[in-house]
Amino acid sequence: MSEIVGVVGAGTMGLGIAQCLADGGYDVVVVDPAAGSAAGVAGALARLRTGLRQARLLAPHRVREPVDRVIGRISWTDRVAGLDRAGYVIECAPERIPLKERIFGELDAVCPPRAVLASITSAIPIDLLAANTRRPDRVIGTHFMNPAPLKDTVEVVRAPRTSAETLQRTLDLLAAIGKTGIVVADGPGFVINRVLMLTVNEAAEVVGQGTADAATVDRVFQDCLGHAMGPLRTADLIGLDTVVDTLLVLLECTGDPRFRPGRTLLELVRAGRCGSKTGSGFHQYPRPAAIS
């Protein structure tokens, strides 16, 4: 691949997307404040190497090249200015509106005019982010699922000003890394999280009120509706802190009180029980993953 792709953020999702891109043959530049130190880069590389090995064990049909060759396609920088040659950039910062708005303004200032600026936001309207740039036609949403290396489908969000060319470039990039994009229109939460976050919030309250424990709630969804995991294991995988952040964005953007995080979710997050990445959430996890 000749195009350089930038990834802003080296949390779990950012590294997962960088892994997908490099595995698909792209040269990737990851922006991470920790990249200013050798220890920071070493830590990210170790997590990336672990992710690649796990993906090869869990999904051997996706294996393309040796791990070291894939890692060799990824470079690191601690500044957004390091994306001055990127043709496509995927922003993977935490779900905070002011933070993402600032990043999009910075990206617009340093990236080439033709570069597409994409966001993995799970709830923030894409047109709100595009308003911080001089290229709203080149701004789009790419809502990857977690874990990105193991999920084949991406919710692609076309804002009112997103051009047909930007949409096609996005779908082509996803296809090149073995993923399918499902295109939806812009709006708070898009499709998945407009529905899922309400479900998680209510499922948490069912647990909090003693109607059923977390395992039973998930089993009802799995056995009665055919869900792969159930809403509470899904929430644990996403990260309960991220779920709360997403609900707060939806509350702000819609004004709908149904999106106000319930007591049960808030208590778990305050206790540091944020899901699989911390070792416990609604369920217990014997081997915690690294915290993003």
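With a requirement of 2 or more residues that are more than 20 Å from Thr121 (Cα to Cα), the helices (runs of 4 or more DSSP H) lying completely within the stretch 156-271 that satisfy it span 164-176, 192-208, 214-225, 231-238, 263-270. So, Val116, is that one under 13 Å from Ala185 (Cα atoms), in contact with a strand residue (DSSP E or B) (Cβ under 6 Å, 6 or more places away or on another chain) and surrounded by 24 or more Cβ atoms within 10 Å (Cβ to Cβ) or not? No: the conditions fail for Val116.
Rule-based calculations on the coordinates, nothing more; no lab input. This structure is a prediction, so every number in the text was calculated from the model and none was measured. Every residue, glycine among them, receives a Cβ derived from its backbone with ideal geometry; neighbour counts consider all protein chains shown.
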